[in-house]
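The values are calculated or read from the model by the stated rules, or taken from the named source; none is laboratory data. Keep in mind it's a predicted model, so treat the numbers as computed, not measured. Reconstructed Cβ throughout: ideal geometry from the backbone, glycine too, with neighbour counts over all protein chains shown. Please note that ligands, DNA and RNA were not included when accessible areas were found on the heavy atoms of the full protein model with its side chains. Shrake-Rupley method; radii C 1.70, N 1.55, O 1.52, S 1.80 Å.
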Amino acid sequence: MEVGFLGLGIMGKAMSMNLLKHGFKVTVWNRTLSKCDELVEHGATVGETPAAVVKKCKYTIAMLSDPAAALAVVFEKDGVLDGICSGKGYIDMSTVDDETSTKISEAITAKGGSFLEAPVSGSKKPAEDGQLVILAAGEKALYEEAIPAFDIMGKKSFFLGPVGNGAKMKLVVNMVMGSMMNAFSEGLELADKSGLDPQTLLAVLDLGAISNPMFRLKGPTMIQGNYSPAFPLKHQQKDMRLALALGDENAVPMPVAAAANEAFKKARSMGLGDKDFSAVYETVRQFKPSSS
Ligand SMILES: NC(=O)C1=CN([C@@H]2O[C@H](COP(=O)(O)OP(=O)(O)OC[C@H]3O[C@@H](n4cnc5c(N)ncnc54)[C@H](OP(=O)(O)O)[C@@H]3O)[C@@H](O)[C@H]2O)C=CC1
Ligand SMILES: O=CC(=O)O
């Protein structure tokens, strides 16, 4: 099966690599073309533009940074719209808001193509291990067609109904995650400043009711001041911003998420946007290990 893949950042590279390793023929495109090289070494072919990829493949997956990128790749010259037609599908797995997704869906379907949004929960390692959670919504027939690819990239896929529901679910999940990361950072700093060993805090947390993979994975690296990016902080802040807009639209008060968003904005202003989202710890941290 020949599939297209647009966007070879942290996530897209790992996801398309998994498809290749499991026997899919993959045609890739990335704005910075040199990022295609490693995929080509593993058997991918390169399309010169998004339109060229879409013309070649039955369906094309995209994994792009944000709403502006998702829109640009579809609507700009030689973009997805210039290649899509009846019988072809477009699956956007980027984290965007429902308005962006709906705009893309309407344009694709107006040209006779079918559309699915399918944002994912899970970061670099789950993407490498094929352990993502896929939150799909849109054209059910395209969802069914894409299940063999979803089964390779993910450990579980949900079909959530009409376009917009996948985007909203993803924003709710990441709003919770971003808020938790801030509470966790404050806890680490409070332990340290009040004379407790943060490592012991991690051990205590891991044995109790709020034990979770994120604290377990990120805690040790945060204590070391190692923020090598798995989930870039600028993307987490984008997700907080979009989730807050969803709260605004639905008149849901979200004071905790609003405070977390401010912390991520502060981290961006400190030049930490391209670091891992756990670098938000630096907004409250006073002691800096010499390695940071
Ligand atoms: N990293 C993670 O843990 C997770 C990320 N996500 C979401 O997945 C998406 C991708 O994330 P991730 O891979 O980490 O991000 P990266 O920043 O690593 O990659 C972003 C990709 O978008 C491309 N891009 C950005 N702007 C444009 C544009 N204007 N036109 C064309 N292409 C563009 C980049 O191209 P170029 O290489 O040229 O810059 C790159 O391929 C985001 O929506 C993120 O929120 C979801 C779950 C987990
Ligand atoms: O969007 C990020 C994630 O870890 O999920």
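In the range 2-162, if the dipole is taken from +1 on Lys/Arg beta carbons and -1 on Asp/Glu beta carbons about the Cα centre, which of ALA44, THR102, CYS57 is farthest to the positive end? Of ALA44, THR102, CYS57, it is ALA44.
How many Å² of accessible area per residue for the chain, probe 1.4 Å?
Heavy-atom accessible area per residue stands at 45 Å².
Computed about the Cα centre, the dipole magnitude for the chain is approximately 260 debye when only Lys and Arg (+1) and Asp and Glu (-1) carry charge, each at its Cβ. Between ASP78 and SER34, the distance separating the two model label sites (each 7 Å from Cα on the Cα→Cβ line) works out to 1.9 nm. Kirkwood's formula applied to the C-alpha pairs of the range 1-147 gives a hydrodynamic radius of 14.8 angstrom. Quick one: go through the range 232-251 and flag any residue whose amide nitrogen is under 20 Å from the point 7 Å out along the Cα-to-Cβ line of GLU99. Backbone N within reach: 235-251. Counted over the range 61-130 with a bin width of 5 Å, the fraction of Cα pairs per bin, in whole percents, is 4, 17, 28, 24, 13, 8, 5, 0. Bridge orientation summary for the chain: considering DSSP beta bridges with both residues in this region, about 15 percent are antiparallel. Across all directions, the average projected area of the convex hull around the alpha carbons of the chain is 15.6 nm².
By a 1.4 Å probe calculation restricted to protein chains, GLU139 has an accessible surface near 80 Å², given to the nearest 10. To put it simply, the accessible area of the chain at a 1.4 Å probe is 57 percent carbon and sulfur.
When only the Cβ of Lys, Arg, Asp and Glu is charged (+1, +1, -1, -1), the dipole of the range 2-162 relative to its Cα centre reaches about 300 debye. Taking GluC sites (Glu not before Pro) across the range 7-102, the ones in a DSSP loop with at most 13 further Cβ atoms lying within 10 angstrom of their Cβ are GLU48.
Full extension of the segment from GLN286 to LYS193, taken as 0.36 nm per residue of separation minus the current Cα-Cα distance, would add 32.6 nm. Among the trypsin sites (Lys or Arg not before Pro) found in the range 62-120, those both in a DSSP coil and sparsely packed, with 13 or fewer other Cβ atoms within 10 Å of their Cβ, are LYS77. Counting only DSSP H runs of at least 4 residues, each contributing -39500 (n - 2.57), and dividing by the residue count of the chain, the helix-based mean residue ellipticity at 222 nm comes to -16000 deg cm²/dmol. Cα extents for the range 57-102 along the principal axes, largest to smallest and rounded to whole angstrom: 26, 20, 16. Rounded to the nearest 20 debye, the dipole magnitude of the range 168-285 is 320 debye, with +1 charges on Lys and Arg beta carbons, -1 on Asp and Glu beta carbons, and the Cα centre as origin.
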